[in-house]
Every structure is written in C-alpha cells, then in structure tokens.
Amino acid sequence: MSLKSFHLVFLIASVLLALFLAVFCFDQFQQTGDRVQLVWSMVSGLAAFTLVVYGRYFLRKLKHISYL
Amino acid sequence: MEIPYTVKPRPDTGLYNAKVGIWLFLASEVMLFGALFSSYILLRVGAPDGFWPDVSTGWPHGLLNIPIGTFNTAVLIASSVTVVMAWAALKAGNFAKFKGFMIFTVICAFSFLGIKSYEYNEKFTHYVVRMKDGTAVTGHFDHEFLHGFLDKANTRRDQKNAGLREANAKAKQEGKAPKELLSHLSNRFLTLEKFGEENVESVKMLVDVPSAFRYPVGMKPPAVGDGSKGSEHGEHAEPGGHFEKEVKLADVQSIAAFIPSTATFFAIYFTMTALHGLHVLGGALVLGYFAFFGRKMWHQEPERLTNRVEVAGLFWHFVDLVWIFLFPVVYLL
C-alpha cells in the first residue's frame, strides 16, 4: 500500500472522527444548553465537509500515482 | 556493497524493500498500540461503579481539555496533509516545495508536543484531595496561598541546606558520608506529607464544580448550592467553575496530583499519550532530517530520497491514525 492509499484511509478516519465530534458536541448542547457546544458541533461538521472536498482534490492531484 | 531494491521493486513482492520493511514494522506497532487500547477497554469496563472522585476507583469523565485536544487533532491532520504534499512535490521533481511542506510538517509535530506538554503540566498542578470521611474534591490550590506557601517552604529549605552544606564539608574532612540536600518545592506533585513537613494546618483550594461533562451521558451532576453570594460555594459556583474552600489538613487523608499513581485512568492516559508522543518526536526528527539534509541525496539519487520520504510518510500517517483513535477514547468517551 502506497502513501497515497494510506492517506485516503487516514482521510476517511478523520472524516468519521469529525462527524463523531459534531454529534458529540450536539448531544452536549442538548444536555446542557451551552451554545458554545452548538458552535463546536457546526465547526466539526464543516471540518468533515472540508476534508471530503480536500479528498477529492487529492485524488485528482495524485491520479497518476499508483495505489500500491 | 550496494543495498538492493532501494528504488526498483523486488520481483517477488512487487515493492521496493523499504516499503515491505515499514509495513512489517507498522504491523508490530499495531500490536503494541492494540494491546494498550485493549488494556484501556478492560480497565474501564472492569472499573467498579461510582463516580470520580468520590469513589477512588470510579472512572473519571471530562477531566481532559477537549478544545485543546481537538486543536491538537487538527494540527496532526494538517501535518499528514503536508507530508503527503511534500512527497508529491518530490514526485513532481520540485525540491524547494518539498522542503517547505516538510518544514511545515515538523513545525506541526513540535507544536503538538508543546501543547501536549502544556496539558501534562496542567495535570501535574491539578489535585484530588481525599477526606477522612470518604468524600473527595478536585481542584487547584489558590494562587496566593500557594505562592505564600512555596516562598516560605523554599526559604526554610534554603536555610536548612546552608547548614547541611557546612555539615557536609565537615563530614567530608572526617571521611563521613554527606547528607542529602533538600530540593525546592514547586506547584507540581505536592502531597499531604510535603504540607505536613512545613507545618501547614490548612490549604486554600479552588475546587472544581461538577459539570455535565464530568458525568456519563444521561447522568446529571449533583446540586452544588444556590450559587448566591455568601452561600457555601460562593458567587462562582456555576457548573464547570470553581469555588474557594479552606481545607483543614487534619481532615485530609491524602493529596495527590493527577499523575499515574493517583488513578488507573491517569496511568493508562499517560502511558498511551506519552508513548504516542515519543512516536511523534521520532517521526519529527526523521522528517526534519530529510527536510534539512536531503538535498545531497536529491542530487545523487532522487528516486531513493522520494522512496525514503514515502516510507517516513507512512510511519507519520500511522502515528496520526493512532491519535485519531486515541483522541475520542480518552477525551470524549
């Protein structure tokens, strides 16, 4: 597995973490009513989206490099 | 003798040797961290019921700083992006761009370690005070009280050390063994015994007020008073804040900083994060070496340098992936 493939695996894990953090913060917001948690939740969701956009850019940029 | 298959793939594996080597190494690393993650799960599942700190063995929640941990996670994700960009720059034959990306990666690595050190220091100055009646509180010592105490204690220790030095000089002439000098106290790692040595009768603390973050999902923190001026907890008693409290040492069973010997949680937390931190440091040194000393190899064997950077990048990604799992496990859940 090349660095390209491993980077994709890493990106998927990072997106999942960002989504989890978004859900976690939203849950904290619902429990405590703390608006800072709501902001954190939205920032985490935005981070997940940014990582997906970056992933597409990365795949285009390194399309000539092998996955092995 | 020339090392074989540093650039060309070996016919039977289809890969250059270093890539096979790094994956075998990473497989052993998976077992190492896998064992630690398994230990964490078993320790947590096996922890008796009860909530920190009232039950010493209860599993603590929310003691770590989530915003700082999140920022550190973002720093590591950014470093993974730049390390792969550095490798891509070498593939495109652009050494200057490679160097820029690589230096940024190394800066990220040392930023991560710097922030982690700050977090560690926070834990070393955060205390759990267990009372003889079985209750416990967590918090920091009041700044003014602490500085007064440290000034007094260290002045006394300096005076005692001056006497000890004189006695040691005499002992040296007589061929006797010298006595050990007293070390200075700091705001870290204080204990009940250290306060006792200085004949302190009570300590002033800024006690943590339980917040929802300190309890598992669905569990509400206990009431902490009405929060009004003059009440037991003073005017800043809202959850997540602090209130001042004078604690008589005659009522105290133990005072311990948030260090590995204080609770199982801290033992596994420090073990896992310190081991991970060592990996970050090792990776940063290797990446820094390529950034600052890779030019010569780039001119002589560009493909070999590119492969070396790929191998180091694979290690770096593994280290970052470990953090992606470590962060939610110890900070959030």
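Here, each number is a calculation from the coordinates, and none is a lab measurement. Being a predicted model, the structure only gives us computed values, none of them experimental. Neighbour counts are summed over all protein chains in view; Cβ atoms, including those assigned to glycine, are modelled from backbone coordinates with ideal geometry.
Can you compute the modelled spin-label distance between B:Lys160 and B:Ser38, with each label point 7 Å from Cα toward Cβ, in nm?
Distance between the two pseudo-spin positions: 4.8 nm.
Would you please classify the overall shape of the protein assembly as shown from the alpha carbon gyration tensor, given that a ≥ b ≥ c denote the square roots of the eigenvalues, rounded means a/c under 1.5, and beyond that prolate means a/b larger than b/c while oblate covers the rest?
Details: a/c = 2.63, a/b = 1.53, b/c = 1.72.
The shape class here is oblate.
From the cross-link list B:Lys179/B:Lys204; B:Lys19/B:Lys296; B:Lys116/B:Lys179; B:Lys123/B:Lys152; B:Lys160/B:Lys248; B:Lys152/B:Lys179, which pairs have alpha carbons spaced over 31 Å apart? Could the numbers behind the result be given before it?
Details: B:Lys179/B:Lys204 33 Å; B:Lys19/B:Lys296 22 Å; B:Lys116/B:Lys179 37 Å; B:Lys123/B:Lys152 24 Å; B:Lys160/B:Lys248 27 Å; B:Lys152/B:Lys179 22 Å.
Long pairs (Cα-Cα over 31 Å): B:Lys179/B:Lys204; B:Lys116/B:Lys179.
Using a basic spin-label model with each label point 7 Å from the Cα along Cα→Cβ, how many nm lie between B:Lys248 and B:Leu113?
Distance between the two pseudo-spin positions: 4.9 nm.
Can you give the average number of partner chain beta-carbon atoms within 10 Å of each beta-carbon in peptide B:79-88, as a whole number?
That works out to 4 on average.
Okay, helix-only estimate at 222 nm for chain B: each DSSP H run of n ≥ 4 adds -39500 (n - 2.57), divide by all residues, round to 500 deg cm²/dmol; what do you get?
On the way: 8 runs with 185 residues, N = 333.
When only DSSP H runs of four or more count, the value is -19500 deg cm²/dmol.
Order the peptides B:289-295, A:62-68 from the highest to the lowest mean number of other Cβ atoms within 10 Å of their residues. Intermediate values should be presented prior to the final figure.
Values: B:289-295: 16.1, A:62-68: 11.3.
So the peptides B:289-295, A:62-68, ranked by packing, come out B:289-295, A:62-68.
Which FRET efficiency value, to the nearest 0.05, is calculated for B:Lys132 and B:Ala177 with the Förster distance at 51 angstrom and r the Cβ-Cβ distance?
Details: r = 39 Å, r/R0 = 0.76.
Approximately 0.85, to the nearest 0.05.
Can you show me the helix-derived [θ] at 222 nm for chain A, built from DSSP H runs with n ≥ 4 at -39,500 (n - 2.57) apiece and divided by the number of residues, rounded to the nearest 500. Each step should come with its number before you reach the end.
Numbers: 2 runs with 57 residues, N = 68.
My calculation for chain A gives -30000 deg cm²/dmol from helical runs alone.
In nm, what is the difference between 0.36 nm times the number of residues separating B:Arg295 and B:Ala92 and their Cα-Cα distance? Before the final figure, lay out the partial values.
Details: separation 203, 0.36 × 203 = 73.08 nm, distance 1.53 nm.
Difference between extended and current length: 71.5 nm.
So for each of B:77-87, B:180-190, A:11-21 I average, over its residues, the number of other beta carbons within 10 Å; can you give me the resulting order with the highest mean first?
Numbers: B:77-87: 24.2, B:180-190: 13.9, A:11-21: 19.1.
Per-residue mean Cβ counts within 10 Å order the peptides as B:77-87, A:11-21, B:180-190.
Which whole number gives the average, over all residues in B:114-125, of C-beta atoms from other chains lying within 10 Å of the residue C-beta?
That average works out to 0.
Give me the inter-chain shielding for A:6-14: mean count of other chain Cβ atoms within 10 Å, whole number please. Kindly include the intermediate steps, with their values, before the conclusion.
Values: counts 11, 10, 1, 2, 11, 5, 0, 6, 9.
The per-residue average across the peptide is 6.
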